[in-house]
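Worksheet: one structure, shown below.
The values are calculated or read from the model by the stated rules, or taken from the named source; none is laboratory data. This one's a predicted model, so the numbers in the text were calculated from it and none came from an experiment. Don't worry about glycine lacking a Cβ; one is built from the backbone with ideal geometry, like all the others, and counts go over all protein chains shown.
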């Protein structure tokens, strides 16, 4: 991450052949404090599901609920500038 805000798409169609019942990490977001967020993807029947894990106050990633999102999902985030660099403030799976 190198800015105040941003977004990144997940190429679901291209990844469909690589994913199955077991979840895989399809996107990671790092900031000045290390790993800030991950997006996981899995397939249930013909449906792709996604879950966002983001850094909690403990510093560990916390997984949110699995859900189905649009055809081309992605994440949007905001960050703040610190003496060490950009630090994630919010991240949303869309």
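For the reader, a short list of remarks on this structure follows.
- Taken together, the residues in the range 10-31 that are surrounded by 14 or more Cβ atoms within 10 Å (Cβ to Cβ) and either over 26 Å from residue 56 (Cβ atoms) or more than 15 Å from the chain's Cα centre (by Cα) (or both) amount to 3.
- Every test in (1) within 15 Å of residue 92 (Cα to Cα); (2) surrounded by fewer than 19 Cβ atoms within 10 Å (Cβ to Cβ); (3) touching a strand residue (DSSP E or B) at 6+ places or on another chain (Cβ under 9 Å) is passed by residue 34 save one, and that test is (1).
- Across the range 42-59, the qualifying residues are those that are in contact with a strand residue (DSSP E or B) (Cβ under 7 Å, 6 or more places away or on another chain) and over 23 Å from residue 89 (Cα atoms), and the one among them that is surrounded by the most Cβ atoms within 10 Å (Cβ to Cβ) is 48.
- Conditions (1) more than 12 Å from the chain's Cα centre (by Cα); (2) at pLDDT 95 or above: number failed by residue 57: (2)
- Selection status of residue 85, closer than 19 Å to residue 2 by Cα, in contact (Cβ under 8 Å) with a residue 40 or more places away in the chain and surrounded by fewer than 16 Cβ atoms within 10 Å (Cβ to Cβ): yes
- Residue within the range 64-81 that is closer than 20 Å to residue 22 by Cα, surrounded by 10 or more Cβ atoms within 10 Å (Cβ to Cβ) and without any contact (Cβ under 8 Å) to a residue 12 or more places away in the chain present: no
- Residue ID - farthest from residue 84 (Cα to Cα), chosen from residues in the range 1-25 that are touching a residue at least 24 places away in the same chain (Cβ under 8 Å) and part of a strand (DSSP E or B): 9
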